[in-house]
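The values are calculated or read from the model by the stated rules, or taken from the named source; none is laboratory data. Small disclaimer: the values here were computed from a predicted structure and weren't measured. We place every Cβ from the backbone using ideal geometry, glycine too, and count neighbours over all the protein chains shown.
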Amino acid sequence: MLKIEHIGIAVKNLEEANSKYEKLLGRAPYKTESVESEGVNTSFFQLGESKLELLEASSENSPIQKYLDKRGEGMHHIAFEVEDIHSEIDRLVGEGFELIGTGPKDGADNKLVCFFHPKSTHGLLIELCQEKR
Ligand code: ZN
């Protein structure tokens, strides 16, 4: 694991959240991006070495919509940057962490990503991400 790459925050309305976080952080998001496969619209704020990712559901059956229905807005996941996502998946699965889905897929911000279930991490949804090369 290299560092905390970003913290993901689930929001109901991305536009409103963007303007709120722009005031909070004193800067605009450096990008907004839709990830069709995940059913999310996202925006990213750079903050030193780390980022904040705001996530809004883009469809009814988006995992983010389910999260919002169940838990409301707030911190959704922490993403760790890794050098080699495939070997980290093997390592963590070997340690008993529960991978969600089958393996890495295309995420926002030019990354390969995967998620580990909160029930195997004391309640935290964990994302691994690796820069696409
Ligand atoms: Zn993320």
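Taking first residues from segment 74-87 that are over 17 Å from Glu131 (Cβ atoms) and at pLDDT 95 or above and partners that are within 13 Å of the ligand (Cβ to nearest atom) and part of a loop (DSSP other than H, G, I, E, B), the Cβ contacts under 8 Å between residues at least 6 apart in sequence or on separate chains come to His76/Leu125; His77/Leu124; His77/Leu125; Ile78/Leu124; Ile78/Leu125.
Okay, residues lined up against (1) closer than 24 Å to Asn18 by Cβ; (2) touching a strand residue (DSSP E or B) at 6+ places or on another chain (Cβ under 7 Å); (3) within 13 Å of the ligand (Cβ to nearest atom); (4) not β-branched (Val, Ile, Thr):
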position	(1), (2), (3), (4)
Met75	yes, yes, yes, yes
Phe97	no, yes, no, yes
Phe116	no, yes, yes, yes
His122	no, no, no, yes
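Considering segment 23-39, and only residues there that are assigned to a helix (DSSP H, G or I) and within 14 Å of Glu60 (Cα to Cα), the residue that is nearest to the chain's Cα centre (by Cα) turns out to be Glu38. Could you tell me whether segment 17-33 includes any residue that is buried (at least 20 other Cβ atoms within 10 Å of the Cβ), within 12 Å of the ligand (Cβ to nearest atom) and either aliphatic (A, V, I, L, M) or at pLDDT 95 or above (or both)? No: zero hits.
Among the residues of segment 79-95, none qualifies, meaning not one is more than 15 Å from Ile126 (Cα to Cα), under 14 Å from the mean Cα position of the chain (by Cα) and within 13 Å of the ligand (Cβ to nearest atom). Kindly indicate whether Ala10 is small (Gly, Ala, Ser), closer than 15 Å to Leu125 by Cβ, in contact with a helix residue (DSSP H, G or I) (Cβ under 7 Å, 6 or more places away or on another chain) and within 11 Å of the ligand (Cβ to nearest atom). Considered against the rule, which asks whether it is small (Gly, Ala, Ser), closer than 15 Å to Leu125 by Cβ, in contact with a helix residue (DSSP H, G or I) (Cβ under 7 Å, 6 or more places away or on another chain) and within 11 Å of the ligand (Cβ to nearest atom), Ala10 comes out as yes.
Among the residues of segment 40-76, the one identified as over 11 Å from the mean Cα position of the chain (by Cα), closer than 21 Å to Ile4 by Cα, surrounded by 14 or more Cβ atoms within 10 Å (Cβ to Cβ) and among the small types (Gly, Ala, Ser) is Ser50.
Among the residues of segment 40-65, the one identified as touching a Lys or Arg at 6+ places or on another chain (Cβ under 9 Å) and outside any strand (DSSP E or B) is Glu49. If I filter segment 66-73 for residues that are within 14 Å of the ligand (Cβ to nearest atom), of a type in the set (Asp, Glu) and assigned to a loop (DSSP other than H, G, I, E, B), do I get at least one hit? No, because not a single residue in segment 66-73 is within 14 Å of the ligand (Cβ to nearest atom), of a type in the set (Asp, Glu) and assigned to a loop (DSSP other than H, G, I, E, B).
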